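Take a look at the structure below.
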Amino acid sequence: MPPGVKPFSEAQKRAAIELWKANIPLKKIREQMQMSERGLRNILAYAKKHPEDPIQKRRNKNVGAPNKASLGTIRKIKRALNKNPSITAKALKKNIPELADVSVRTIQRICHDQLKMPSRKMADKPLLTDRMKKDRLEFARRYRHWGVEQWKKVMFSDESHFELRFGNQNFLCRRPKGSDRFDPKFTRKRVKHPQKVMAWACFSWKGRGGLEFLQSGEMMNGARYKKVLEDKLELFMHSHGTTHFLQDGAPCHRSKIVTEWFKERPHIKLIKWPGNSPDLNPIENVWSWMKVQLKETHPTNLDELKDEIKKLWVLRMDDSPYLKKLVESMPDRIQEVIERDGNVTHY
């Protein structure tokens, strides 16, 4: 409202609405109430939208402190956030002179409420070079015409490490005000070099496949991987009726002895892997899910850890609808790689 112009009182608004309800022409109402056309139309528009409470209440000017940041300053904040989304409110205050007298909390509020850019956890994704993006695009275009039925014929495989952890591994806890932050029940325990076990597994749309553990200190080299393929892969590919095999580009997978093993078995068709693309191998989702579930257990040694992993694999993954959904997501993963020009996907 322009300076020097008094707002309409509730009585004036109510009188104008009553005249309008009595079918008095708008021109006569304006003349009688000494209102502008725009002011009257705003009053009537609010009344039509809120028939139960047609009078728009006046705001109390004394409620809340005025915003210390001008529109120009807010635009500068937005430009800084678009350029560097991870910049902190403290850094914004330091880098933008107009924010010198604005508190960090106010800057945070501006980002959250006015710019609708709340602080969120950044997605953890691998760094992709231009060459990697090109390879991912080639992979996606090669298989873009594959539907779910083709992906049902694929056996997915991978290795992963599982760490032996102790106690509660959550990052957050509820601690009463004034309590000792370093009380053992409020601390997250960690060891410098946790014991680990490496597991290999495979699955298809029909369900879980083989699961193999390496011994403590054992490395997955070409010879060891070949044994896993002989003992586990052929058996499950036959029982699942799969024809294609997907593995990542780990050195042991590309070793000479393993390459020769696949050449001797032309019935197993290898899918060429684009490299550094965990989002294109859905077994990575399985490993993540299993590691979350293991947080609820508290094994005290590697044998107990292996037992818990076996339970999850055998009892929770047998003909699992989760595995089916992962396989069925492959066409969408492929399409997203193309749409993102080879960049990382949300999977």
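The values are calculated or read from the model by the stated rules, or taken from the named source; none is laboratory data. From a predicted model like this one, the values you see are computed outputs, not experimental measurements. Heads up, the Cβs are rebuilt from the backbone with ideal geometry, glycines too, and the neighbour counts pull from every protein chain shown. Accessible surface is based on the protein model in full, side chains and every heavy atom, while ligands, DNA and RNA are left aside. Shrake-Rupley method; radii C 1.70, N 1.55, O 1.52, S 1.80 Å.
The figures follow:
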| quantity | calculated |
| --- | --- |
| Residues located in region 101-154, provided they are touching a Cys at 6+ places or on another chain (Cβ under 8 Å) and open to solvent by 70 Å² or more (accessible area, probe 1.4 Å) | 119 |
| So residue 282, is it surrounded by 19 or more Cβ atoms within 10 Å (Cβ to Cβ), in contact with a helix residue (DSSP H, G or I) (Cβ under 8 Å, 6 or more places away or on another chain) and not polar (S, T, N, Q) | yes |
| All strands (runs of 3 or more DSSP E) inside region 156-259 with 1 or more residues being without any contact (Cβ under 8 Å) to a residue 24 or more places away in the chain and open to solvent by less than 50 Å² (accessible area, probe 1.4 Å) | 207-213 |
| Residue list for region 245-277, restricted to those being of a type in the set (Asp, Glu) and in contact with a Gly (Cβ under 9 Å, 6 or more places away or on another chain) | 248 |
| Pairs with Cβ under 7 Å, 6+ apart, first in region 262-273 and assigned to a loop (DSSP other than H, G, I, E, B), second of a type outside the set (A, V, I, L, M, F, W, C) | 271/244; 273/247; 273/248; 273/249 |
| Pair list, Cβ < 6 Å and 6+ apart or interchain, from region 278-290 residues that are in contact (Cβ under 8 Å) with a residue 60 or more places away in the chain to residues that are open to solvent by 10 Å² or more (accessible area, probe 1.4 Å) and not in a helix (DSSP H, G or I) | 279/347; 287/160 |
| The one condition in (1) assigned to a helix (DSSP H, G or I); (2) farther than 30 Å from residue 345 by Cα that residue 289 fails to fulfil | (2) |
| Complete set of residues in region 111-129 that are under 16 Å from residue 74 (Cβ atoms) and of a type in the set (Lys, Arg) | 116 |
| Residue within region 127-143 that is at pLDDT below 90 and within 25 Å of the chain's Cα centre (by Cα) present | yes |
| Single match in 329, 255 (criterion: modelled with pLDDT of 95 or more, small (Gly, Ala, Ser) and within 20 Å of residue 220 (Cα to Cα)) | 255 |
